[in-house]
Amino acid sequence: MTACVLVVDDDADIRSTMGFALRSEGHTVRLAANGLEALEALDASGERPCVILLDLTMPLMNGFEFRKIQLARADLASIPVLILSGDGNVAKKATTLGSAGYLQKPVDLGELLQTVERYCPRAA
């Protein structure tokens, strides 16, 4: 089974662009518009993503709230998270949240694919 990438961002254009780019490279992708949708998607599927791309500023449940819940749950805590943000302090916030890393918005698609590949190597 192909490892999945979970993209969590409230911007529909960003979700669809990232989803398209990742799928074009052979990744399976799930999309969520906020942290609540992401938790629901994780709970509905027995499959765990190889990485979560997480925006910080979203309605209903932001990235900070999602990350707190994720880390508190033993079944989700080990999934690596890459923070997505246009915030100038994204590196500091990523460190504070204990994430695996971050991607500065606007995200360079080449950098996105290269970074995701570290966590989700494609089958040969």
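All of the numbers you see were taken from the coordinates with simple rules; none came from a lab. Predicted model only: the values in this text are computed from it and were never measured. All Cβ positions, glycine included, derive from the backbone under ideal geometry; neighbour counts span all protein chains shown.
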remark   = Glu37 passes all but one of the listed conditions (1) within 14 Å of the chain's Cα centre (by Cα); (2) in a loop (DSSP other than H, G, I, E, B); (3) among the acidic types (Asp, Glu); the exception is number (2)
task = All but one of (1) touching a helix residue (DSSP H, G or I) at 6+ places or on another chain (Cβ under 8 Å); (2) in contact (Cβ under 8 Å) with a residue 40 or more places away in the chain; (3) surrounded by fewer than 19 Cβ atoms within 10 Å (Cβ to Cβ) hold for Gly98, so report the exception by its number.
result = (2)
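Please verify whether Val29 is within 13 Å of the chain's Cα centre (by Cα) and touching a residue at least 40 places away in the same chain (Cβ under 8 Å), treating the condition exactly as stated.
Criteria not met by Val29.
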ask   = Taking the range 73-95, which residues are surrounded by 15 or more Cβ atoms within 10 Å (Cβ to Cβ) and among the hydroxyl-bearing types (Ser, Thr, Tyr)?
value = Ser85
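Name the one entry in Gln114, Gln70 that is free of Cβ contacts under 8 Å to residues at least 60 places away in the same chain, under 14 Å from Met18 (Cα atoms) and either buried (at least 19 other Cβ atoms within 10 Å of the Cβ) or not hydroxyl-bearing (Ser, Thr, Tyr) (or both).
Working: Gln70 fails: under 14 Å from Met18 (Cα atoms).
Sole residue among the options that is free of Cβ contacts under 8 Å to residues at least 60 places away in the same chain, under 14 Å from Met18 (Cα atoms) and either buried (at least 19 other Cβ atoms within 10 Å of the Cβ) or not hydroxyl-bearing (Ser, Thr, Tyr) (or both): Gln114.
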